[in-house]
Every structure is written in C-alpha cells, then in structure tokens.
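Undergrad: After the structure tokens below, expect a handful of questions from me.
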Amino acid sequence: MKYVFANWKMYCGPKQSNLLAQELAGFVVPDTVRATIFPTALSCESVHTILHDSSWQVGAQNVAWVPDGAYTGAVSAQFFYELGARYALIGHSERRHIFHETDPDVRKKLEACLSAGLTPVLCLGETAEDKEAGRRQYRLKKQLLVALENLSRNGNEILFAYEPVWAITHSGSGEACTPADVVDVHGWLTTELREYGFTNPSILYGGSVTPDNVMNYASLPDVAGV
C-alpha cells in the first residue's frame, strides 16, 4: 500500500474546500493507493460528505488531547471520528515549532487518536540546527521515545511521516531532501521502530514534495508514500 496524504493547512475555506473536493471525487484512486485529504476543521465534515462514495478519505490536521470538556476552541479526536475522519496528523512540524507543542503533548494526542479510533500519522523531523550540529538521530530518537515508549496500541495502526523541518517551505529553506538522504533516514527509522514492535512500519516522506519530484520519493525503498 502506498499513501498520498494532502495537508491543506489553512489555505482553503469551506467554499473552496468543497469545490476542490468535488473535483477530486471524479478521480479514481487505485486499490494500491490510500489517498487522504486533510482539510481545516471547519471543512472536514462537508469534504467527507462530498467524498463519501469515492475512493478518497478525510483526516484531521490536529486534535485535542482530551475527549471533551471546557477547552474553548479545541476539537477532540472523537468529534473528528464522528464526522467521518479516519486519520489525524500528530506532531506536525508547524504544530511543534509555531504552536510550541512539546513531545509530551504529542504523546497525549497520539493516545487520544488511538482511543477514538483514528489512525494517527506521527510526524517526525529535525531542524536545520539539529542537522548542522549532527543531532538528527538524537532528535528523532527523542521524539520516538516520548511518543512510543510503553504505548498501548491494542493492535491499532500508527503511520509515520518523516518531515525534516529545514525542508519545509514556510518553516525552513524549502530545499527538499535528496533521495539518498531519504533512503538513509527511512532505513534508520525502520530499524528504530522495530524496537517498539513495528515489524514493517509505514513511513511517509514530507517536505517540499512537488509534482516534479514526487515519484523520486514514492519509488524509494522504505518510503510508504508522501
């Protein structure tokens, strides 16, 4: 199975999201590909309704770490599941570096997704400072340790996304990872994840992926999608 996940971030309001979803509904996704759209929370339900009978799925860009309560402005994993979402991005670099989410915050959101029935997409990545100082593996090890140590999955799936912060257009240089670098990191992550019981982990690559380079990444060993 290959994964194609599209994070619309805060670019499309409800009207534009619905128009894009209507266009996408006409494209048939091959059985060997899982294609998922991550619209804003405001558009998640309407996009799911439009794509309900298609081969596309819908996910949440972010979730709260609690199921309900007095948390003004928050949206729980349970609420997203009820309106049709089946995936959720957890620990995206923009949540970590713009909204200052910590590794423990990511762990709580991971647990919330598993409890609600959402498949979490755990995002991992190092900054330019980490890379230049030779701390890439240190940073990734720490993120994995806090997120996964003694985590009760109960057989539920977790996907992973390697997204080097320095390769993301609005967070870093926008300079995409070389395919050789991606192979090296994904191979290392695959070995690390076996220590947490993931015998054949699905690891996506994200970071300045374009129509021109997408196949260079999607065809690489140990890369489950983009």
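The values are calculated or read from the model by the stated rules, or taken from the named source; none is laboratory data. Computed from a prediction, not measured in an experiment: that's the story for all the values here. Counting neighbours? That spans all protein chains shown, and the Cβs are built from the backbone with ideal geometry, glycine included. When the accessible area is computed, the model is the full protein with side chains, heavy atoms only, and any ligands, DNA or RNA have been set aside. Shrake-Rupley method; radii C 1.70, N 1.55, O 1.52, S 1.80 Å.
Undergrad: Quick one: check the C-alpha center-to-center distance for the range 20-84 versus the range 156-219, whole angstrom.
TA: So the two Cα centres are separated by 22 Å.
Undergrad: Whats the longest run of the chain with zero chymotrypsin sites (Phe, Trp or Tyr not before Pro) that are DSSP loop and have at most 11 other Cβ atoms within 10 Å?
TA: Details: sites that count: Tyr11, Phe27, Tyr71, Phe99.
Result for the longest clean stretch: 100-226.
Undergrad: Another question about this same structure. Translational diffusion coefficient, Stokes-Einstein: compute it for the range 74-117 using the Kirkwood radius over C-alpha pairs as Rh, at 10 °C and 1.306 mPa s, and state it as an integer in µm² s⁻¹. Write out the running numbers ahead of the final one.
TA: Working: Rh = 10.9 Å.
Rounded, D is 146 µm²/s.
Undergrad: May I ask you to give the solvent-accessible area per residue for the chain, in square angstrom, as obtained with a 1.4 angstrom probe? Working shown, then result.
TA: On the way: 11420 Å² over 226 residues.
Averaged over the residues of the chain, the accessible area is 51 Å².
Undergrad: List the longest stretch of the chain that has no exposed loop site; here a site is one of the trypsin sites (Lys or Arg not before Pro) assigned by DSSP to anything other than H, G, I, E or B, with at most 15 other Cβ within 10 Å. If you can, show how the numbers build up before the last one.
TA: Details: sites that count: Lys9, Arg135, Arg153.
It runs 10-134.
Undergrad: I've got another one for you. To the nearest µm²/s, what D does Stokes-Einstein give for the range 97-226 at 20 °C and 1.002 mPa s, using the Kirkwood radius over alpha carbon pairs as Rh? Walk me through the intermediate numbers first.
TA: On the way: Rh = 15.2 Å.
Roughly 141 µm²/s, to the nearest whole number.
Undergrad: Something else: Run the dipole for the range 1-156 about the Cα centre, Lys and Arg Cβ at +1, Asp and Glu Cβ at -1, nothing else charged, and hand back the magnitude in debye, nearest 20.
TA: On the way: 17 positive and 16 negative charges, 82 e Å.
About 400 debye.
Undergrad: Same structure, new question: On the protein heavy atoms, probe 1.4 angstrom, tell me the percent of accessible surface of the chain carried by carbon and sulfur. Write out the running numbers ahead of the final one.
TA: Numbers: 6060 of 11420 Å².
On the chain, the fraction of accessible area on carbon and sulfur atoms equals 53 percent.
Undergrad: Find how much the distance from Thr178 to Ala6 grows on full extension, using 0.36 nm per residue of separation minus their present alpha carbon separation; answer in nm with one decimal.
TA: Gain on extension, Thr178 to Ala6, equals 59.8 nm.
Undergrad: Here is a follow-up. With a cut-off of 8 Å between alpha carbons and a minimum separation of six or more residues, what is the relative contact order of the range 32-84 in percent?
TA: Working: 60 pairs, mean separation 19.0, N = 53.
Relative contact order here is 36 percent.
Undergrad: Can you tell me the relative contact order of the chain? Whole percent, Cα pairs under 8 Å, sequence separation 6 or more. Numbers along the way, then the final one.
TA: Values: 400 pairs, mean separation 34.1, N = 226.
About 15 percent, as a whole number.
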